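Computed from the coordinates by the stated procedures, all read-outs in this text should not be read as laboratory data. All values reported here derive from a predicted model rather than from experimental measurement. Note: ideal-geometry Cβ built from the backbone for every residue, glycine included; neighbour counts use all protein chains shown.
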Amino acid sequence: MAKHEEESLGFTYDVFLCFRGEDVRYLFIGHLRKELCSKNINTFCDDEDLRMGEGIAPSLSKAIEESKILIIVFSENYASPPWCLDELVKILESAGLELIN
C-alpha cells in the first residue's frame, strides 16, 4: 500500500477534531493539531466558528463521515451552544451509536 495507506482505506481524514472553539481553539487544539500534523496525520479541524442558529453544516457532516478517528474535546462550556451538541449527535450516529431519550 502506498499513497497514505491507500487514502487510509477509504477515509479522507485520519482524525476529526470536535471542540467548542471559544474554549480551546488557540490553546489545547492548536497544540494538538500541530503535533498531529507533524506526524503526517491528516486532520480535519473546522477553522471557522460554527454559524449561530444553524444546524450542522453539510461539509462538517461529510468530514465526520469521512474520518477514521473522531476526537471530541469536552470543555467547561462545550454543551452551551446547540451546534456543538448537533455535531456530537452526528459523531455518535456515524460511530453507530444511538442516543436514548
If you rank K39, K90, K62 by fewest surrounding Cβ atoms within 10 Å, what's the result? K39, K62, K90
What residues qualify as long-range amide H neighbours of K68, i.e. H under 5 Å apart, gap of 5 or more or another chain, H built at 1.01 Å from N? Y13, D14, V15
Rounded to whole Hz and in sequence order, give me ³J(HN,Hα) for the range 36-42 from the Karplus expression 6.51 cos²θ - 1.76 cosθ + 1.60, θ = phi - 60°, writing x for Gly and Pro. 4, 5, 5, 9, 6, 8, 6
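Taking 30 Å as R0, compute the FRET efficiency from the Cβ-Cβ separation of F74 and T12 and round it to 0.05. Don't jump to the answer; show the numbers that get you there.
Numbers: r = 25 Å, r/R0 = 0.82.
Here the calculated transfer efficiency is 0.75.
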Relative contact order of the range 11-94: what whole-number percent is it, with Cα pairs under 8 angstrom and at least 6 residues apart? 47
Treat each spin label as a single point 7 Å out from the Cα along the C-beta direction, and report the E65 to K34 distance in nm. 3.5
E22 paired with L97, simple spin-label distance in nm, labels 7 Å along Cα-to-beta-carbon: 2.5
Under-5 Å amide H pairs with S75, H placed in peptide plane, nonlocal only: R20
Using the Karplus equation 6.51 cos²θ - 1.76 cosθ + 1.60 (θ = phi - 60°), what ³J(HN,Hα) coupling, rounded to whole Hz, does each residue of the range 22-31 give in order, writing x for Gly and Pro? 4, 7, 9, 4, 8, 10, 4, 4, x, 5
